[in-house]
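Participant: Here it is: the structure, laid out below.
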């Protein structure tokens, strides 16, 4: 088996299993990280987790708006739900699933993985999975780390994900950033083999622009760039022979959310162009074909197999 040093590599895939590069051969993945405005890593130094329950919650209303937008566009998405949210709003999780969307885990408490020990990470993962699985009565096999925090310093998290039954991850950002990223890791969806087994990695979208891994089509990048640049970058990704996994958060379509007194840089990252997000989202849903993460993987690589695992039996 293969371990990952210094970064993940694509393994066990024959070239013939990947479709020829066109913009119509596959679906792109539409993903949502279901968390509230006060859960973001940028605010963790000014908002204590002990105070979360005292703050105004807006995640339910904003997620409902996304569900309406997706229904009108006729698309299905993957929703990575924070366990803390699911514990307090189980009806929201059931509504997402009832609308035909896919559910993944976004951790329980939105802690950066590289700030945790292995034992702490496993406990957080299990708690998040348990809340979601008890709510839905089905296994959860998809995961996205808070703030894409699987980096070179926390690559060990992949082994724990595999051991805990995760089969598809979308946490390794193949770019440069002060909080996340493994520049040089594969840009395309790929299978990763570890001593613990294997999983599939579907990276966030990166456009290789003159050799630089430019993030495009997700979160703050989606809000910051002019839409024409975003569309160009995503089209180039498809033309380079791979699908992309767009991502956003419910709070990003909520320009009226409460303002948090963080530093200027952190406030800029969080609040820039919130009033443009919904209109841009409507445009991108018209401009590209989308589906869930597993639908996009299956349409891209014939060696990926969707399976429905049995319900997990939790240890006492």
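The values are calculated or read from the model by the stated rules, or taken from the named source; none is laboratory data. Just so we're clear, the structure is a prediction, and the values are computed from it rather than from any experiment. Neighbour counts are summed over all protein chains in view; Cβ atoms, including those assigned to glycine, are modelled from backbone coordinates with ideal geometry.
Participant: Scan segment 88-120 for residues that are closer than 12 Å to residue 136 by Cβ and assigned to a helix (DSSP H, G or I) and jot them down.
Facilitator: Hits for segment 88-120 are 90, 91, 92, 93, 94, 95, 96, 97, 98.
Participant: Same structure again: Return only the number of the condition from (1) within 21 Å of residue 222 (Cβ to Cβ); (2) part of a loop (DSSP other than H, G, I, E, B); (3) modelled with pLDDT of 95 or more that residue 63 does not satisfy.
Facilitator: Here residue 63 meets the rest and fails (2).
Participant: Suppose we filter segment 10-54 for residues that are out of contact with any strand residue (DSSP E or B) (no Cβ under 7 Å at 6 or more places or on another chain) and either at pLDDT 95 or above or within 26 Å of residue 248 (Cα to Cα) (or both); how many remain?
Facilitator: Result for segment 10-54: 26.
Participant: Scan 103, 182 and give me the residue that is surrounded by 18 or more Cβ atoms within 10 Å (Cβ to Cβ), at pLDDT below 95 and either under 21 Å from residue 301 (Cβ atoms) or in contact with a helix residue (DSSP H, G or I) (Cβ under 9 Å, 6 or more places away or on another chain) (or both).
Facilitator: After applying the criteria, what remains is 182.
Participant: Got a sec? Which of 124, 159, 153 is modelled with pLDDT under 95, surrounded by fewer than 22 Cβ atoms within 10 Å (Cβ to Cβ) and at negative phi? Quick ask: steps written out before the conclusion?
Facilitator: Details: 124 fails: modelled with pLDDT under 95; 159 fails: modelled with pLDDT under 95.
Result of the check over 124, 159, 153: 153.
Participant: Still on this model: On the given criteria, is residue 75 in contact with a strand residue (DSSP E or B) (Cβ under 9 Å, 6 or more places away or on another chain) and either over 19 Å from residue 31 (Cβ atoms) or surrounded by fewer than 23 Cβ atoms within 10 Å (Cβ to Cβ) (or both)?
Facilitator: In short, yes.
Participant: Still on this model: Looking at (1) at pLDDT below 95; (2) surrounded by fewer than 20 Cβ atoms within 10 Å (Cβ to Cβ), can you tell me which one residue 285 breaks?
Facilitator: So the condition that residue 285 fails would be (1).
Participant: Can you tell me which of 188, 138 is modelled with pLDDT of 95 or more, crowded, with 20+ Cβ neighbours inside 10 Å, more than 13 Å from the chain's Cα centre (by Cα) and not in a helix (DSSP H, G or I)?
Facilitator: 188
Participant: Right, next: Can you name every residue in segment 24-37 that is surrounded by fewer than 24 Cβ atoms within 10 Å (Cβ to Cβ) and within 19 Å of the chain's Cα centre (by Cα)?
Facilitator: Residues satisfying the conditions are 27, 35.
Participant: Another one. Considering (1) within 14 Å of residue 114 (Cα to Cα); (2) out of contact with any helix residue (DSSP H, G or I) (no Cβ under 6 Å at 6 or more places or on another chain), say which one residue 162 fails and leave the rest.
Facilitator: It fails just one condition, (1).
Participant: Mind counting the residues in segment 250-270 that are within 21 Å of the chain's Cα centre (by Cα) and either buried (at least 19 other Cβ atoms within 10 Å of the Cβ) or under 19 Å from residue 60 (Cα atoms) (or both)?
Facilitator: Residues that pass the stated criteria total 6.
Participant: Name the one entry in 88, 58, 49 that is over 19 Å from the mean Cα position of the chain (by Cα), touching a residue at least 40 places away in the same chain (Cβ under 8 Å) and surrounded by 14 or more Cβ atoms within 10 Å (Cβ to Cβ).
Facilitator: 58
Participant: If we scan segment 298-313, do we find a residue that is over 25 Å from residue 186 (Cβ atoms), at pLDDT 95 or above and in contact with a helix residue (DSSP H, G or I) (Cβ under 7 Å, 6 or more places away or on another chain)?
Facilitator: No, segment 298-313 contains no residue that is over 25 Å from residue 186 (Cβ atoms), at pLDDT 95 or above and in contact with a helix residue (DSSP H, G or I) (Cβ under 7 Å, 6 or more places away or on another chain).
Participant: Next up: Within the group 247, 173, which residue is in contact with a helix residue (DSSP H, G or I) (Cβ under 7 Å, 6 or more places away or on another chain), surrounded by 24 or more Cβ atoms within 10 Å (Cβ to Cβ), assigned to a loop (DSSP other than H, G, I, E, B) and touching a residue at least 40 places away in the same chain (Cβ under 8 Å)? Give the derivation first.
Facilitator: Values: 247 fails: assigned to a loop (DSSP other than H, G, I, E, B).
Unique residue meeting the criteria: 173.
Participant: Ok, one more. Can you pull out every residue in segment 180-196 that is within 21 Å of residue 122 (Cα to Cα) and touching a residue at least 40 places away in the same chain (Cβ under 8 Å)?
Facilitator: Residues satisfying the conditions are 192, 193, 194, 195.
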